[in-house]
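Comments concern the structure below.
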Amino acid sequence: MMKNFYSVTLDPEKCKGCINCMKHCPTEAIRVRGGKAQILYDRCIGCGECIRACSHHAKKVNYDPFSIIDGYEYKIALPPPSLYGQFQNLTNINYVLQGLLDLGFDDVFEVSCGAELASQVTRMYIDHAHNLPVISSACPAVVELILMRFHNLKDHLLPILAPVEIAAKLAREAAVKKTGLAPEKIGIFFISPCPAKIFTLKTGLGSTSSKVDGVLAQSDVYFRLVEKMNAIKTEPDERMTSGLLGVGWASSGGEAAGVLKEKYLAADGIENCISVLEALENNTLTDVDFVELNACPGGCVGGVLNVENPFIARAKIKKLRKYMPVTRSRIEDFGRDLSYFAWEKDPETMPVFRLDADFGKALMKMQQVEDIYAQLPKLDCGLCGAPSCRSFAEDVVSGRLPEGAVCPRLKEE
């Protein structure tokens, strides 16, 4: 795992020093200093909101080049269900799967298959869970947010591997059995719709080591794939291993629908997710067994590495699902017990907003923040290069700004 990997980076040449990205960041992970944006990576959850907000395209997603697949003898693509919503006039998902094979992959394993298995495990888990509601752990940006800011909700997280990790484990095992190759000669490549999934697969979340060897950008693969799909002249072979439940994970509410429980909540968009988490932490949201949260608007179809409008993509997914069987993949088909799908390690909370590790010193610094904040205009204008007046005060106390730094608006007075 790559501990110092960052899925969102900044191109200083393109950055104009505007504050759009800073004002849209849900964890206040961006500052503007010296006319350029700076990312506080210990606070970044990879949600991609800064990428959406930057009209200058100064924020970039860090993903593997397509050429990475050439380093393996046997190459397996892991397409997410959100990929299926990107194409015009697609009526048969097998065209996508065949196109991936024609693109240079030796095999394809659908992430939606892993999603159906995850749904089945989730149903079993909820039936015996003591910490209700159970919060989905499928969106890594939401999980990172909980680990950073909502520590009391950590024990409510669903402790099972994400569908992509489940798919990767099963795909490698099947390939070893089929080819006789050593596991390390088999390359598993996920086609990601967002930077958060790239980050978690590179650094590990709930796993001791990622089962994925490379993460490709959906936007990069899409344009390569369209050409191959257009060249298919005959009806492709049946390769799908998932039904409408698995494919439905592409959109917000799809995972919750697969749980088959009446008392659930599904929300998308990072601000809506934060509102739900605040309600859960304050115990004002009750009578819910399962909570599905997606940082991207519309769910995974809204990831910044997609090419299609998320609402159009969602409609396409809905149309594709219309004549599918409910499900095609069950745990019994793979002969695995529940432990196979469980987290290999519990993720740890990250006290990134703590002013000091020493409780006494933290209290003193908190008072210093309040003293500075009391003198500020409380306009949250961003002229100081911080997203809010309070964060400006925190930057002074924590040393991110020099002691005695003055709010630009106070200088004007």
Legend entry - Length released on extending from THR9 to ARG52, taking residue separation times 0.36 nm less the Cα-Cα span: 14.1 nm
Inset, instruction - Evaluate the Kirkwood expression for the hydrodynamic radius of the chain, namely the inverse of the mean inverse distance over all pairs of different C-alpha atoms, and round to one decimal in Å. - result: 22.5
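Run the numbers for GLN375 and VAL352: contour at 0.36 nm per residue of separation, minus the present Cα-Cα distance, in nm.
Working: separation 23, 0.36 × 23 = 8.28 nm, distance 2.51 nm.
This chain segment gains 5.8 nm when fully extended.
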Inset, instruction - Would you mind computing, in nm to one decimal, how far apart the modelled labels at SER339 and THR284 are, each placed 7 Å from Cα along Cα→Cβ? - result: 4.3
Inset, instruction - Please give the contour-minus-distance gain from GLN88 to ASP70: 0.36 nm per residue of separation, less the Cα-Cα distance, rounded to one decimal in nm. - result: 3.6 nm
Legend entry - Peptide ranges 311-318, 300-307, 190-197, 143-150 listed from the most packed, as the mean C-beta count within 10 angstrom indicates: 190-197, 300-307, 143-150, 311-318
Inset, instruction - Among ALA266, ALA231, ASN309, flag the residue with its Cα farthest along the positive direction of the charge dipole of the stretch 228-328, charges on Cβ as +1 for Lys/Arg and -1 for Asp/Glu. - result: ALA231
Legend entry - Exposure proxy ranking, count of Cβ atoms within 10 Å, fewest first, for HIS130, HIS57, HIS151: HIS130, HIS57, HIS151
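Could you compute the net charge surrounding HIS128? Neighbours are other residues with a C-beta less than 15 Å from the C-beta of HIS128; K and R count +1, D and E count -1.
Local net charge: -2.
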Legend entry - Residues LEU181 and THR234, FRET efficiency given R0 of 41 Å [Cβ-Cβ distance, rounded to 0.05]: 0.85
Inset, instruction - Answer rounded, prolate or oblate for the stretch 1-62, using the Cα gyration tensor with square roots of eigenvalues a ≥ b ≥ c: rounded when a/c is under 1.5, else prolate when a/b is larger than b/c, else oblate. - result: prolate
Legend entry - Exposure proxy ranking, count of Cβ atoms within 10 Å, fewest first, for THR286, THR234, THR9: THR234, THR286, THR9
Legend entry - Net charge over other residues, Cβ less than 13 angstrom from the Cβ of LYS316 (K, R count +1; D, E count -1): +4
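Each reported figure results from applying straightforward, stated rules to the coordinates on display, with no laboratory input. Note that the structure is a prediction, hence the values are computed from the model and not measured. Backbone-built Cβ (ideal geometry, glycine too); neighbour counts: all protein chains shown.
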